[in-house]
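Chemist: The structure's right below; bear with me while I get my questions together.
The values are calculated or read from the model by the stated rules, or taken from the named source; none is laboratory data. These numbers come from a predicted model, not from an experiment. With ideal geometry, Cβ positions are generated from the backbone for all residues, glycine too; neighbour counts draw on all protein chains shown. With ligands, DNA and RNA removed, areas are computed over all heavy atoms of the protein, side chains included. Shrake-Rupley method; radii C 1.70, N 1.55, O 1.52, S 1.80 Å.
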Amino acid sequence: MTHTRPYRVGVIGTSWAARVPLPTFASFEGTEVTAICSARAERASEAARRFGARLAGDDYRALIESPEVDIVYIGAPVARHREMALAAAAAGKHILCEKPLALDAAEACEMLGAARDAGVAHVTSFFVRPFESHRYVKELVASGDLGEPRQLSVTHFPGWQRGAWSWLDSSAEGGGYLGAVGSHYIDLARDWLGEFATVSAQLRTWVGEAGDAEGLRRPVDADDAFLLAGSMRQGALVSIQFSRNVPPGRGRRIELYGSEGAVVIDGDEVRGEARVYRSRRGERAPREVELPPSSLPDTVRESAVPIFGAMIHTLLDFIESGRSEGPTFEDGLRCQEVLDAARLSAAEGRVVAVSETVSETQREEARR
């Protein structure tokens, strides 16, 4: 797809952004990085030199209001997403926002409403959707090849080394790995199987203190491990397990079982280590399958980080066509409703119907 013009991108954030979004925007045919904002102006200036941006600073409002910005990428802590997205929508800027979309569903609903009212394109960065293995599973479900989907299991034990304290360790900032990692798998379950009906969750903080960049010890009050079990409206059961502070294990494994077949993704696509296995009713053992060639556009596959390039492509297509299959802010909102239900379940020790956490405002927004 050839885009009608190069879109000028303003990037908010220089931590995760410097590792993935900035290199991808800079290498993506159809976008150019023109402005960078960071809580520390010196970091913004350093990133601007590295990626060729003309503007740098610590004022996100100045970035959003700049006439040299068409698209705003929001990579700040979750607690800042709402105010930044509302400002971007008010300025008529298209938005690509990191997940989880907001602190709660009420904020996410406000963000979706603002983007719709302003007529701007909006994408939530659920970037594991475009993995070829995940697209393959979605096609198997859609074609009926697996029969009736019955159980989805996700286990993710990456054995990540403990780094310095960051906003991810603070619940007030929107930290915690139910949101940071679990949101990806909640979105994936929705993309494959439809909407969640009920949720039961347990959250843990195994390491309650960590040193910050200056060496000061700071409390950790956000979850670093979780267990989520749920049921989908169409009947399938889902379980998602994650822990950050464990020794390295198998990493990641996704298993989906249907009435007529099963598919297993064993390993981490980010490191290129995933293998995919299929089985059908009556077969004795699963067999490894070779995935079909990538169907992603050349601009995506040739960008620095293709999975993030897919998010850029989705946004540009939304801008130019006025339509999107997601992941949009609406997907971010639906995921947020599940996160809210999971947190309520963990706090009260009971199974929670997702509908319990959905306000009338959210229902009205969904009907628009």
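Chemist: Pairs please, first residue from region 273-295 and within 10 Å of GLY261 (Cβ to Cβ), second anywhere and surrounded by 11 or more Cβ atoms within 10 Å (Cβ to Cβ) and β-branched (Val, Ile, Thr), Cβ atoms under 7 Å, 6+ apart in sequence or on different chains.
Modeler: ARG278/VAL263; ARG278/VAL289; PRO286/VAL264
Chemist: With respect to the numbered conditions (1) of a type outside the set (Ser, Thr, Tyr); (2) within 24 Å of LEU152 (Cα to Cα); (3) surrounded by 17 or more Cβ atoms within 10 Å (Cβ to Cβ), which one is the sole condition not fulfilled by GLN202?
Modeler: (3) is the only condition that GLN202 fails.
Chemist: Check region 320-341 and report whether any residue there is under 21 Å from the mean Cα position of the chain (by Cα), at positive phi and open to solvent by 10 Å² or more (accessible area, probe 1.4 Å).
Modeler: Yes - at least one qualifying residue is present in region 320-341.
Chemist: Out of region 222-244, which residues are surrounded by fewer than 17 Cβ atoms within 10 Å (Cβ to Cβ) and farther than 16 Å from VAL154 by Cα?
Modeler: Listed by number, the residues that qualify are ARG233, GLN234, GLY235.
Chemist: Something else now. Checking GLY52 against (1) open to solvent by 20 Å² or more (accessible area, probe 1.4 Å); (2) at pLDDT 95 or above; (3) closer than 29 Å to GLY230 by Cβ, which test does it fail?
Modeler: The one condition GLY52 does not meet is (3).
Chemist: Out of all the residues in region 182-197, which are surrounded by 18 or more Cβ atoms within 10 Å (Cβ to Cβ) and either of a type outside the set (Phe, Trp, Tyr) or modelled with pLDDT under 95 (or both)? Steps first, answer last, please.
Modeler: Initial filter on region 182-197 (surrounded by 18 or more Cβ atoms within 10 Å (Cβ to Cβ)): 182-193, 196.
Selection gives GLY182, SER183, HIS184, ILE186, ASP187, LEU188, ALA189, ARG190, ASP191, LEU193.
Chemist: Still on this structure: Being small (Gly, Ala, Ser), open to solvent by 30 Å² or more (accessible area, probe 1.4 Å) and more than 14 Å from ARG61 (Cα to Cα) is the filter here; which residues of region 75-127 pass it?
Modeler: ALA106, ALA118, GLY119
Chemist: I've got another one for you. Looking at (1) of a type outside the set (D, E, K, R); (2) in a strand (DSSP E or B); (3) surrounded by fewer than 20 Cβ atoms within 10 Å (Cβ to Cβ), can you tell me which one VAL207 breaks?
Modeler: (2)
Residues checked against (1) touching a helix residue (DSSP H, G or I) at 6+ places or on another chain (Cβ under 7 Å); (2) of a type outside the set (Val, Ile, Thr):
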site: CYS37; (1), (2): yes, yes
site: ARG50; (1), (2): no, yes
site: ARG54; (1), (2): no, yes
site: ASP59; (1), (2): no, yes
site: ILE64; (1), (2): yes, no
site: GLY92; (1), (2): yes, yes
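Chemist: Suppose we keep only residues that are part of a helix (DSSP H, G or I) and open to solvent by less than 60 Å² (accessible area, probe 1.4 Å) within region 258-299. Which one would you say is farthest from PRO248 (Cα to Cα)?
Modeler: Within region 258-299, the subset part of a helix (DSSP H, G or I) is 269-271, 298-299.
Checking the rest, the ones that are also open to solvent by less than 60 Å² (accessible area, probe 1.4 Å) come to 269, 299.
Values: GLU269: 16, THR299: 34 Å.
Going through the qualifying residues, I end up with THR299.
Chemist: So which of GLU302, GLU320, GLU330, GLU290 is more than 30 Å from ASP70 (Cβ to Cβ) and acidic (Asp, Glu)?
Modeler: Residue meeting the stated conditions: GLU290.
Chemist: Hey, any hits in region 92-108 for a residue that's among the aliphatic types (A, V, I, L, M) and in a strand (DSSP E or B)?
Modeler: yes
Chemist: Could you grab me the full set of residues in region 304-354 that are small (Gly, Ala, Ser) and closer than 17 Å to ASP191 by Cβ?
Modeler: Matches in region 304-354: ALA310, SER324, GLY326, GLY332.
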